[in-house]
1. Each label point is 7 Å from the Cα along the Cα-to-Cβ direction; what then is the distance between the points at A:K29 and D:D168, in nm?
2. Given only helices, namely DSSP H runs of n ≥ 4 each adding -39500 (n - 2.57), what is the per-residue ellipticity at 222 nm of chain B, to the nearest 500 deg cm²/dmol?
3. I need the shape label for the protein assembly as shown. Rule: rounded when a/c is under 1.5, else prolate if a/b > b/c, else oblate, with a, b, c from the alpha carbon gyration tensor.
4. For A:K115 and B:A223, FRET efficiency with R0 = 56 Å and r from the beta-carbon atoms, rounded to 0.05?
5. In whole angstrom, note down how far apart the Cα centers of segment C:14-51 and segment A:42-89 are.
6. Would you mind pulling out the separation of the Cα centroids of segment B:266-292 and segment C:134-176, in Å?
7. Could you put C:C270, D:C74, A:C264 in order of accessible surface area, largest first, with the 1.4 Å probe and the full protein assembly present?
8. For chain D, find the longest principal axis of its Cα atoms and tell me its angle to the long axis of helix D:211-223, 0 to 90°, nearest 10.
There are 4 protein chains.
Amino acid sequence: MTKTIAILGASGYTGAELVRLISTHPDLKITALTGERKAGQPMAQVFPFLRHLDLPDLCRIEEVDFAGIDLAFCALPHATSQAVIKELPRDLKIVDLSADFRLRDPGDYEKWYGKPHAAPELQREAVYGLTEFYRDDIRAARLVAGTGCNAATGQYILRPLIEAGVIDLDRIILDLKCGVSGAGRALKENLLHAELSEGTQAYAVGGTHRHLGEFDQEFSALAGRPVHIQFTPHLVPLNRGILATAWVDGDAARLHEVLQARYCAESMICVLPFGTTPSTHDVRGSNFVHIGVVGDRVPGRALVVAALDNLCKGSSGQAIQNANLMLGLEETAGLMGAPLFP
Amino acid sequence: MTKTIAILGASGYTGAELVRLISTHPDLKITALTGERKAGQPMAQVFPFLRHLDLPDLCRIEEVDFAGIDLAFCALPHATSQAVIKELPRDLKIVDLSADFRLRDPGDYEKWYGKPHAAPELQREAVYGLTEFYRDDIRAARLVAGTGCNAATGQYILRPLIEAGVIDLDRIILDLKCGVSGAGRALKENLLHAELSEGTQAYAVGGTHRHLGEFDQEFSALAGRPVHIQFTPHLVPLNRGILATAWVDGDAARLHEVLQARYCAESMICVLPFGTTPSTHDVRGSNFVHIGVVGDRVPGRALVVAALDNLCKGSSGQAIQNANLMLGLEETAGLMGAPLFP
Amino acid sequence: MTKTIAILGASGYTGAELVRLISTHPDLKITALTGERKAGQPMAQVFPFLRHLDLPDLCRIEEVDFAGIDLAFCALPHATSQAVIKELPRDLKIVDLSADFRLRDPGDYEKWYGKPHAAPELQREAVYGLTEFYRDDIRAARLVAGTGCNAATGQYILRPLIEAGVIDLDRIILDLKCGVSGAGRALKENLLHAELSEGTQAYAVGGTHRHLGEFDQEFSALAGRPVHIQFTPHLVPLNRGILATAWVDGDAARLHEVLQARYCAESMICVLPFGTTPSTHDVRGSNFVHIGVVGDRVPGRALVVAALDNLCKGSSGQAIQNANLMLGLEETAGLMGAPLFP
Amino acid sequence: MTKTIAILGASGYTGAELVRLISTHPDLKITALTGERKAGQPMAQVFPFLRHLDLPDLCRIEEVDFAGIDLAFCALPHATSQAVIKELPRDLKIVDLSADFRLRDPGDYEKWYGKPHAAPELQREAVYGLTEFYRDDIRAARLVAGTGCNAATGQYILRPLIEAGVIDLDRIILDLKCGVSGAGRALKENLLHAELSEGTQAYAVGGTHRHLGEFDQEFSALAGRPVHIQFTPHLVPLNRGILATAWVDGDAARLHEVLQARYCAESMICVLPFGTTPSTHDVRGSNFVHIGVVGDRVPGRALVVAALDNLCKGSSGQAIQNANLMLGLEETAGLMGAPLFP
């Protein structure tokens, strides 16, 4: 029951991560890889670490014959994605890794991304891809919108707590420490080794990061009232990994119970023993999420920390988990590889 | 008017940093270096990066003739320091870099460090070494207690804001990102390159870090009422640097004004233009502090971020700045070197 | 046909790497894990990155019932290994990852390791574990001695060239760049992040590295005369990876032909197009070896460069490849995972 | 006797390093900084680590009034430099940090840089800037050509050995490990943190690196016959530092004597005790060079290793040392700062 796969935009990090994960997936086979600027090149040239695989060369999207393809992953840049997907066959299953279909409301999209959406009808159709919370919808979906990697990390902490009503909704602070691959393979001065290693700083400060659109949409829906968290990411000198530290008002022991109850049946999410917190070292290269809860010395305040790999569970691993559901495969197929340490 | 200096405990990172800074100081000359376990060794062996300097070999403390020494830096481990300083000549000027004399109240000391203080009379005499806030006391002091490096970073943000009454005292969250040298040259598994690089995690979670004793002492005194901030440090894979992100309730523009007014005459502290935040890259290896303020999208909430080099301004640079005051030298002598970038 | 596995010495990096690789191996199941100092602890505590796996707790070697075990990996420290293996059941299949059985000659062992061998009869029995060159012997062996990771990297370059007689045997220089995990989880000052990151240096200089014993044994046997290469490793700030640069006298194009011919049927070894050289980035976390050849501007001189992951192909991956052979499994089972990049 | 300085091309790493070093130089004062693309910006914006300094804003070269300037450092890109310098006042002292005036022979220049030189008459005038070997010429020069950073490192090892006739001139191999800042602030994929950290590889393989032009010119002149060394650099994940490992034929003890004799009076160059080798950690951020010699186990072969900071002694520090000579200042003024460790 092997399913055939196309990856549109395979020359970036999330595209390469899809190829990496699919290379040991028992039921998926890649039949097309696209990359506009690098069309014609073999993947071994674009990503020599994939040299051992038998892969199609990169081609242009218009060269792909979608007739025989069961599902396409779309790992294109934001904005490009909506234009491309609009032209794809309407019966093709698609997992989009860009930001284009995460926000359901066209007004929200325009607010956070600065221009009107080019495919609002698809926007309505798209299912938000946070697997553990939209599983049934994803199974039935044609178009799934992968979440932001920061947005996923924060939601794994906060959704169960908001839903259970155990934290103060007006006092949610999310301080993120993010690895550099989240910024993609872009040629920017601040992503150079010489500028980034050996130091750290905040970015998108003051509530301007676009993933806040996702937080607002999801948390407000859950709470049945507007919820606006405070969120600032920090760039730290590591390639993979997001550590989300949530500072919340609530009883730590109760928070831990809620998270444990919510995730005890989830194979990808591990709630650590009370009082311990996770490290990104322990999830690197894997599809796992580690979550820890600890009480602050100030009564009624708690710290909840989550760690995941932004390229895997935060992006390409999530995409494959969703594709597995959409294709009727075992949900965790190809995703149980252990993290790489050290 | 060259002053003669002894460094007790010169085989650790703060000791080496003192030597590095003094090597280009116009008025200080090192005449004794001690290191119990490495006594007899030349510094060039213990720290080959100091090879170009003409330095005395490491010796044991009892071998030092304190008669001709104007000031001793004490860079010994916590608890050792109080035992050693108790036995030093009572007229010797001392800057202690350990935690032993930071807390004025013996009860506080016992609470945070787990045992009674061995030299409570010296504890009373010691002046807290946060230069910009205790300058006159330091100038007159015989014994100055260097602050914790995390404690210094947080206080540079919060002292002016608490004093000016512009933030909610019960809603102060300090999320720190700390470089590894703050843990010293200790042989611990979590400090190995293979365990620490390429990942990040919280430590001393939930309000257990000892520098909270300093925050409580200082902030409560300033506010005239108990102040208990929330504070969790995170270990990030870089060698030097602390980035402190304070999440506070208050008007961001007002906070910026207060900080600018407080620091405009300080040569070591730079308040960035409103809306921008600092990077540890820009202070590495230097005695400078960069502070930035930005308003959150949630009205009435602000983010204040400070960056400094834990080994320099957070420890050995601060110690020399204080020694300059105690010895009647220019306060910034030997401390105006630019950061190292990249 | 699942085979049951014990790992002796599972609290170090090579032990953990064995567990990582076996976790997705279709035919191996771990039934015992030992660690003397950490006996009684769950692996999730010793290596939290393995938390998602259902593993036996660490125990002491004497607690293991070897009756039901098909094969034991021995990832113990050098010298300990020979003492332990001597006492194991004589019909237990063993892959030893230490240096204890790599040298066939007791005199050579004593020369390089500084004391007589404690189990010379086993030394004679052991098969040298460089899979691609001892495949048939390994298939029939009871005790296989894993190679040194540096020794493996150098041999992948040099064995075919020596055998084919295409390089000057008295002019072989091997300059290695080694990641830090090769030194294990030892608490040594030079392995601390603060000492190792952001710099590089040579170690074991001047032909004193113990892996020279392996080079001498293997190359002299191949050549039928003594061969003594020059070899100096350098420690570089990365966790996994060895880059071996061999400077040889010979015709580069001919060397490339020889290597291509030798490895074209090998699934784990990839010879790059002539004129290109490999990066450790492209093999990290995998069992693959990349080899490149380039001619120097000086006629008759060539550069051959090989890259592998010291913990995987250089140690634990090799061990599993050998175990697969010894257990009658497919040789590459569990070993085809793609490298992790970035 | 303060001298006024212009820096042309101050928005790159070598330009910033010049500013850093001059900021604590007792006799130099910067009066003009140029940067074509960033003209009009304050340096604090281009390099926030220089924020504490009172510096002129960046301007265009044509805006500089060279009348009052004693010396200009030219830190422009290769090829641009010759075009700019050609138009500068003929009596202006210039230290050029580009590659444009390193090769004396126009034919050599064209061979290595692929096009004819635009200012051959200046090429003849320029003095090669390896301070310790061209000191008198530099003192009298108007135009000094800074050396390549790799070229400098190799020459510190090899010049005395070639001159003394103690090594085989046809058997010189130089294996370099280079930090990333040597490639400048260029936006290239292979310089991104995600691509460069945690791995290593060779580059400019097979004798194609342009610094070979300098080696050939200098070594052949010294030897009185053509000398063509083998040289391959490797990119290692660190920001500053070059480690040069020379594999040579010669008597190690004799080599050590020659190097010690040659450098014993040099304040910037330290020959380590015989049998020990240097680390780039110990020279980072400084103008010092450390050199070590060790004998190989193969009789008559030796290893000589040198470490320096490519941005400082390899480029901007060298430039200031030369400027000091040209301006009649103390040669080491502003250059005795200790390395930064850790």
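The values are calculated or read from the model by the stated rules, or taken from the named source; none is laboratory data. Not measured: the values here are computed from a predicted model. FYI the Cβ positions are ideal-geometry reconstructions off the backbone, even for glycines, and counts take in every protein chain you see. Each accessible area value is taken on the protein alone, full model and side chains, heavy atoms only, with ligands, DNA and RNA left out. Shrake-Rupley method; radii C 1.70, N 1.55, O 1.52, S 1.80 Å.
1. That separation, rounded to one decimal, is 5.6 nm.
2. One gets -8000 deg cm²/dmol as the mean residue ellipticity at 222 nm.
3. rounded
4. Details: r = 48 Å, r/R0 = 0.85.
Here the calculated transfer efficiency is 0.70.
5. 38
6. 54
7. Ranked from most to least accessible, the order is A:C264, C:C270, D:C74.
8. The angle comes out near 60 degrees.
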